[in-house]
Amino acid sequence: MKIIITSKLPSQITSKLEDKYDVVMWEVENEPMPREQLFKEIEDADGLFCNVADQVDKELLDRAQKLKVISTMAVGYDNIDIEEAKKREIPVGHTPGVLTEATADLTFALLLAAGRRISEGIDVIREDKWKNWAPFFLTGQQVHGATIGIIGMGRIGLAVAKRAKGFSMDILYHNRSRNREAEQELGATYCELDELLEKADFIVLLAPSTKETYQMIGAKQFSQMKETAIFINTSRGTNVDEEALYEALKNEEIYAAGLDVYNSEPISSSHPLHELSNVTLLPHIGSATIETRMEMGKLAAENLIHGLEGKLLIHQVK
Ligand code: GLV
Ligand code: GLV
């Protein structure tokens with residue numbers, strides 16, 4: 001059987017696949033297989049090992065004659081047309097669980113960076129603008145003891161809440177369903193979105209990207225936040241109206257933002273958000289530790305093998 005791996009991966013992840021299958025892997029470091037090539041390769045492929053950088057849409061699936069499984073090395077699968085895959089009875093695998101803690105760490109890093117103006121501080125030294133210690137120079141917002149509002153209390157939300165508890169933060173959350181573990185073990189309080197937006201000092205968006213969450217945070221929601229509020233997004237950029245966020249930051253309707261994800265990725269230094277000093281921007285690296293990416297890759301490989309062997313995937317998108 002033939003499988004396509006759309007990005008270069010280390011042998012710890014690929015060797016088991018190479019033993020079993022005919023593997024076509026894109027060999028260029030840090031770059032996905034070009035779409036035209038993917039279009040050609042998919043025609044006779046049995047398995048597709050992809051990631052966040054690939055668009056697995058109807059146009060691609062229409063070309064696939066033999067495809068038996070799609071396996072993405074990610075928890076989010078908004079880049080895959082799940083309905084089209086379902087119509088063709090192609091199972092889709094993803095990698096929840098293994099990236100929870102690394103993504104929560106990065107979320108907290110952004111929260112601290114945005115609250116304490118870390119990237120501005122780095123720039124001050126880089127640009128030789130540090131003249132002297134001054135009483136209110138680069139003062140930011142207090143993190144410990146502040147109120148965090150977590151939108152989306154899934155695995156990653158819960159892992160962020162655990163970190164927040166270590167910083168003596170009050171924890172509010174909003175989610176489709178109540179999370180007893182968060183409430184009983186961490187003292188998190190469930191509230192409606194409106195109340196969370198009004199009360200939280202740090203608002204952390206961790207909802208998946210769905211039709212329901214599309215631009216769920218926009219002008220109205222930013223206007224409900226405190227002027228001192230800090231907005232963090234490590235979920236998906238499409239959950240946010242990015243122009244409204246830009247306006248809210250520029251007009252100081254909110255204090256700062258920390259972002260790892262964008263409406264359209266990658267962004268460059270000419271992106272409007274980059275003009276603003278009160279925003280910390282990262283290039284979608286939530287789960288990017290060596291250990292976690294290895295785990296994600298190995299789990300994605302297992303999902304792929306299960307699919308090719310006609311078994312239920314370990315983590316199959318429903
Ligand atoms: C990355 O964003 C992922 O969904 O794993
Ligand atoms: C992802 O793993 C989540 O459920 O938050």
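Some notes on this structure:
- The residues listed here are THR139, THR147, THR103; of these, the one that is more than 16 Å from ligand 1 (Cβ to nearest atom), among the hydroxyl-bearing types (Ser, Thr, Tyr) and more than 13 Å from PHE202 (Cα to Cα) is THR139.
- Only one of the listed residues (ASP170, ASP123) is without any contact (Cβ under 8 Å) to a residue 12 or more places away in the chain and of a type in the set (D, E, K, R). That residue is ASP123.
- Complete set of residues in region 106-118 that are crowded, with 18+ Cβ neighbours inside 10 Å and either within 10 Å of ligand 1 (Cβ to nearest atom) or in contact (Cβ under 8 Å) with a residue 40 or more places away in the chain (or both): LEU106, THR107, PHE108, LEU110, LEU111, ALA113, ALA114, GLY115, ARG117
- Single residue of LYS162, LYS226 found to be surrounded by fewer than 19 Cβ atoms within 10 Å (Cβ to Cβ), at pLDDT 95 or above and in contact with an Asp or Glu (Cβ under 8 Å, 6 or more places away or on another chain): LYS226
- Taking the listed residues LEU313, LEU249, LEU299, LEU304, the one that is of a type in the set (A, V, I, L, M) and in the same structural domain as ALA114 (by TED's automatic domain parsing) is LEU249, with no other qualifying.
Yes/no matrix, rows are residues, columns are (1) under 23 Å from GLY97 (Cα atoms); (2) in contact with a strand residue (DSSP E or B) (Cβ under 7 Å, 6 or more places away or on another chain); (3) basic (Lys, Arg):
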{"position": "LYS129", "(1), (2), (3)": "no, no, yes"}
{"position": "PRO135", "(1), (2), (3)": "no, no, no"}
{"position": "GLY140", "(1), (2), (3)": "no, no, no"}
{"position": "THR147", "(1), (2), (3)": "no, yes, no"}
{"position": "LEU186", "(1), (2), (3)": "yes, yes, no"}
{"position": "MET216", "(1), (2), (3)": "no, no, no"}
{"position": "PHE222", "(1), (2), (3)": "no, no, no"}
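- Whichever residue in region 116-136 is under 14 Å from ASN278 (Cα atoms) and not polar (S, T, N, Q) and, among such residues, is farthest from the chain's Cα centre (by Cα): VAL124
- Qualifying residue in region 202-223 (condition: closer than 22 Å to ARG117 by Cα and acidic (Asp, Glu)): no
- Sole residue being β-branched (Val, Ile, Thr), crowded, with 22+ Cβ neighbours inside 10 Å and either at pLDDT below 95 or within 13 Å of ligand 1 (Cβ to nearest atom) (or both), chosen from THR238, THR289, THR234: THR234
- Matching residues in region 169-180 - criterion: being under 11 Å from THR147 (Cβ atoms) and either in a loop (DSSP other than H, G, I, E, B) or modelled with pLDDT under 95 (or both): MET169
The values are calculated or read from the model by the stated rules, or taken from the named source; none is laboratory data. Remember, predicted model here, so these are calculated numbers, not experimental data. Please note: Cβ atoms are built from the backbone with ideal geometry, for glycine as well, and neighbour counts cover all protein chains shown.
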